[in-house]
Amino acid sequence: MKIRLGLCAALALAAAAPARAADRDPFTGVWTYDPAQSTASSDYTQRLTITVRGDEETYFSEVAGKTGSRSLLSLRVRYDGAPVATHTFNIAPDGTITAVPMEVVARSVDTTHRIVEHRVNGRVVRVLKRAPMDGGRALVSELTDFDAEGRQTRSSRLVFVATPPKF
């Protein structure tokens with residue numbers, strides 16, 4: 001009898017697993033920058049850790065340059081268009097840390113498309129249009145940077161692959 005109950009419980013959990021996976025936000029995961037699929041520079045590595053619950057995203061980014069520099073950004077933002085104050089921490093190879101204040105604004109276009117703006121002193125300096133790709137095994141971010149006059153200065157396609165890979 002105990003074996004049957006255990007087997008029934010295991011089957012019930014296995015049947016529920018696809019439903020739980022389908023409910024999981026497609027942006028939730030650990031993502032590693034893939035320079036081979038991206039149009040941006042390959043002289044750095046980047047790892048994103050994103051957790052989405054409802055309309056709130058917890059985001060952590062770590063960028064490491066080949067020269068030994070690092071950049072860290074951690075925040076919690078809602079997809080409601082309200083700005084959230086945060087800092088990017090740039091760490092020089094000698095260990096000097098510079099905190100760059102900024103605001104982040106996030107919006108959910110739909111269940112698979114998000115727009116994130118980075119603002120410095122009230123002006124938009126970067127816009128990221130993000131979407132899952134490759135059946136959820138990758139995340140693409142169309143990045144656009146702007147100068148002090150609001151002119152576009154750079155546009156890149158950044159691709160991040162799931163770490164460990166999602167199947």
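Structural remarks
- For the range 24-40, a residue qualifies if it is closer than 10 Å to THR51 by Cβ and buried (at least 19 other Cβ atoms within 10 Å of the Cβ), and the qualifying residues are PHE27, GLY29.
Residue by residue, here is whether (1) surrounded by 13 or more Cβ atoms within 10 Å (Cβ to Cβ); (2) more than 12 Å from the chain's Cα centre (by Cα) holds:
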position: THR49; (1), (2): yes, no
position: SER71; (1), (2): yes, yes
position: PRO83; (1), (2): yes, yes
position: ASP94; (1), (2): no, yes
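Yes/no matrix, rows are residues, columns are (1) under 16 Å from LEU158 (Cβ atoms); (2) touching a Lys or Arg at 6+ places or on another chain (Cβ under 7 Å):
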site	(1), (2)
THR32	yes, yes
TYR79	no, yes
HIS87	no, no
ASP94	no, no
ASN121	no, no
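Every read-out reported here was derived from the displayed coordinates using simple, explicitly stated rules and does not represent laboratory data. Keep in mind that this is a model prediction, so the values were computed, not measured. Ideal geometry is used to build each Cβ from the backbone, glycine not excepted, and the neighbour counts take in all protein chains shown.
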